[in-house]
1. Quick one: of the DSSP bridges fully inside region 1-76, what percent are antiparallel, nearest 5?
2. Sticking with the crude label model, points 7 Å out along Cα→Cβ, report the distance from Ala380 to Leu199 in nm, one decimal please.
3. Helix check for the chain. Which DSSP H runs span at least 20 Å along their own axis by Cα, with a mean Kyte-Doolittle hydropathy no less than -1.0?
4. Which parts of region 3-26 would a label at Leu362 reach, counting a residue when its backbone N lies under 16 Å from a point 7 Å out along Cα-to-Cβ?
5. What is region 13-98's relative contact order, in percent, from Cα pairs under 8 angstrom and six or more apart in sequence?
6. Picking from Thr314, Thr41, Thr305, which is most flexible by a Gaussian network model of the chain using Cα springs under 10 Å?
7. With the cut-off at 1.5 for a/c, could you classify region 178-357 from its C-alpha gyration tensor as rounded, prolate or oblate?
8. What does the C-alpha gyration tensor say about the overall shape of region 1-97? Classify as rounded when a/c is under 1.5, otherwise prolate if a/b is larger than b/c, or oblate.
Amino acid sequence: MRVLNVNSSIDSHKGGGMAERTFQISRFLARAGVECTILTTDMGLTPERMRSMENVEVIALPCLNHRFYLPKFSYAGLRELVERADIVHLMGHWTFLNALAYQIVRSLGKAYAVCPAGALPVFGRSKMIKMMYNQLVGKRIIRNADCHIAITRGELPAFLSYGVDSDRVSVIPNGINPDDFLVRDDAEFRRKFRLSEKLIILYMGRLNRIKGPDLLLRAFCSLKDELPEYQLVFAGPDEGMMAELKKLVALSDMEDRVRFIGHIGGADKSLAYHAAELLVVPSRQEAMSIVALESGAAGTPVLITDQCGFDEITTVGGGRVVPAAVDGLKEGLILMMADCDGLRTMGAKLKQFVEENFTWNLVAAEYIHLYRRILEQKIAK
């Protein structure tokens, strides 16, 4: 089976969870014997990332515009790529690369799947551009797909708004590779990033409004007297909010207890999760938080908002789910920080749950089963 995965970025620094999903699922499909190719741009793509792709072919087009990921391309070259694939998988939604691949897929009559990963709502910046994109091609990309993939059932209403009934949508979650989160050295993490000995509350993700770092910061600063033994560490690249966040830190006189350490990856991620008492995911909107799964793999409990598509955390006792608001996060922090022994128990429960249900091996097996079904249906037509 030959699969072409299309995503504008496979660098988690620039492309976030969708980039990481594309990167990981491609690797694990290849390990399972699928002939896998990624069509992407060279935006943020490092030699280290390329080396870790193992048996996956990566076609990285030069990126001409870093905001909209506009690629330099050869139509004939892209047509050849699509032509040799059995199935094309479009990741994300608001990209020129997806629209381009879609047009070629339709002209060749190829089977294709879509996985927007929570991107379907017209949300965030560039709303007018997104509305135009949907009118021109976006809605047709979703409606005409041979297969629709949601990361959680919470995405089903968004698919319905595009004219896709829930019985046409397959739910396949995000995953993790447990082997990526074995490295633990709390002292090394603190030394490397010049952190104090105070206990760590961790934020892992891009600093943009959708991810809600301002909500967490306001909640933490309002609890400066209730949580004197804790520091808040933001690990992630700035996407336009750093100045606002640092101003709030200064106004709250919390410079010694709030740190911004920038984007981290690889072993540093594992160090961060293990060093933290708690991960907080304060997102205003998210399909399913990969960092919550990663934290679970390290045995660190999670405080997460009800907009993150992972309410099972409460069911299994691996953390708490709260409203995506300052007051909700404040309440969650107070309740979870009040019982250190309880945190360790939560972390152990979350680790077991994640490793039994959310590995990339399991996700890849579900994809292979789905791809085969799509191809059988295509042949039957």
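Only the coordinates and a few stated rules stand behind these numbers; no lab work does. Just so it is clear, the structure is predicted and the values come from calculations on it, not from any experiment. Glycine also receives a Cβ, built like all others from the backbone with ideal geometry; neighbour counts cover every protein chain displayed.
1. Counting only bridges with both partners in region 1-76, antiparallel ones make up about 15 percent.
2. Spacing of the two 7 Å Cα→Cβ label points: 5.6 nm.
3. On the way: long enough: 12-31 (25 Å, -0.58); 340-357 (26 Å, -0.58); 360-380 (30 Å, 0.04).
In the chain, the long hydrophobic H runs are 12-31, 340-357, 360-380.
4. Answer for region 3-26: 25.
5. Values: 82 pairs, mean separation 21.0, N = 86.
Value for region 13-98: 24 percent.
6. The residue with the greatest mean-square fluctuation here is Thr314.
7. On the way: a/c = 1.37, a/b = 1.20, b/c = 1.15.
Rounded, because the longest to shortest axis ratio a/c is under 1.5.
8. Numbers: a/c = 1.65, a/b = 1.15, b/c = 1.43.
Because a/c hits 1.5 or more and a/b fails to exceed b/c, region 1-97 counts as oblate.
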